[in-house]
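Below: one structure, written as structure tokens.
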Amino acid sequence: MSGRTPSCRVFTAVALIVAMAVIAPEAEAAPAFFVFGDSLVDKFINNNYLTTPARADSPPYGIDFPTHRPTGRFSNGLNFPDITSEQIGSERVLPYLSSELRGQKLLIGANFASAGIGILNDTGFNLIFRQFELFQQYQQRLTALVGAEQATRLVNSALVPITLGGNDWVNNYFVQPVSPNYGSWRNCYRLCIHHINNPSCRSKYKLYELGARRVLVTSTGPLGCVPSELAQRSINSECVAKLQNAASIFNPQLVQMTQGLNRQLTFESNVFASSLTSFVTSKVACCGQGRLNGLGQCNPTSNLCPNRDLYAFWDAFHPTEKANRLIVKQIMSGSSKYMNPMNLSTMMS
């Protein structure tokens, strides 16, 4: 995959989140937090525990983290799971493969995400279902610690975000001429159908089988508007139509599938839309190289903006901590303009 960063699930200035929830048993403290997906929510699993080029373990990653050191997060500071943990009153969850995740730490939850993850077999380095296998292992360990009844109650009341799908497009389907999936828009549509309707890809249903009842599902967002795609495919720095069209096909089907599962499994469904309009730029990455800082990886030799709070994107694909904070704020307490029919705070009350 020459010239491309294999680590990144696309996040853009506008995103959709579909939240699936049922009324779970009331938690005595902050709910547990289980994270699944790709580099948007990865928490140094890749850097410390997996052999992969999808890494964020060198400066200036982590420049605004409390330690000012790289943590493996694809961010200048905190990422989406960190900030959500703050909002729900929980400690930051550890990666499942961490040796520190034992004893009472298991009650807080775990992060199973891994950068580069995809839905399709030929995307990324690990399938999402490998993360679910680790989740099953986690539940066995939790049951041994607290017993089956309490373990079930903890998982049922947990908050479970899952973020994936973008890699299947920008690091697979649209990588020409490498991708076997590249072709006509009819094939593009079929890829959408494969994502959404193939039983082997119904990751949200699998989460339900594993006990999750409060699940946040992120869409791909406008694929053609991230700095990487603008730098490589756009002549005038406008969003790339072909990728935008792909998102416009995929995302409605994601919503439709989720609503169907909600009805089938008696879930409630919420849709979140965020527009990051308070930034000086959402086209130029803070850290990167070449046009719009959208080429190559963020590393010690890259261009680096002095004020990360002015930028929607930290690197060619991933949001800054400031952008993540605005998104989490809208998810937690936003009006129906952003979270319909209810925000996450209402859903969890």
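Scanning region 292-326 for residues that are assigned to a helix (DSSP H, G or I) and polar (S, T, N, Q), which turns out farthest from Glu229 (Cα to Cα)?
Top of the filtered list is Asn324.
Out of region 60-84, which residues are closer than 15 Å to Ile327 by Cα and touching a strand residue (DSSP E or B) at 6+ places or on another chain (Cβ under 6 Å)?
The one that is closer than 15 Å to Ile327 by Cα and touching a strand residue (DSSP E or B) at 6+ places or on another chain (Cβ under 6 Å): Pro81.
Just one of Ala115, Ala151 is within 16 Å of the chain's Cα centre (by Cα) and either aliphatic (A, V, I, L, M) or farther than 24 Å from Ser39 by Cα (or both); which is it?
Within the list Ala115, Ala151, the selection yields Ala115.
Tell me the strands (runs of 3 or more DSSP E) entirely within region 1-112 that contain at least 2 residues that are closer than 22 Å to Ser333 by Cα and modelled with pLDDT under 90.
14-21
Can you tell me which residue in region 215-241 is surrounded by the most Cβ atoms within 10 Å (Cβ to Cβ), limited to those that are under 14 Å from Gln259 (Cα atoms) and not β-branched (Val, Ile, Thr)?
In this case the residue turns out to be Ser219.
Being part of a loop (DSSP other than H, G, I, E, B) and free of Cβ contacts under 8 Å to residues at least 60 places away in the same chain is the filter here; which residues of region 207-261 pass it?
Ser234, Ile235, Asn236, Ser237, Glu238, Cys239, Val240, listed by residue number.
Considering only residues that are surrounded by fewer than 17 Cβ atoms within 10 Å (Cβ to Cβ) and either in contact with a Pro (Cβ under 6 Å, 6 or more places away or on another chain) or over 27 Å from Thr220 (Cβ atoms) (or both), which ones fall in region 63-87?
If the condition is that a residue be surrounded by fewer than 17 Cβ atoms within 10 Å (Cβ to Cβ) and either in contact with a Pro (Cβ under 6 Å, 6 or more places away or on another chain) or over 27 Å from Thr220 (Cβ atoms) (or both), then Pro66, Thr67, His68, Arg69 are the ones that fit.
The values are calculated or read from the model by the stated rules, or taken from the named source; none is laboratory data. Being a predicted model, the structure only gives us computed values, none of them experimental. Note that we place each Cβ from the backbone using ideal geometry, even for glycine, and neighbour counts take in every protein chain shown.
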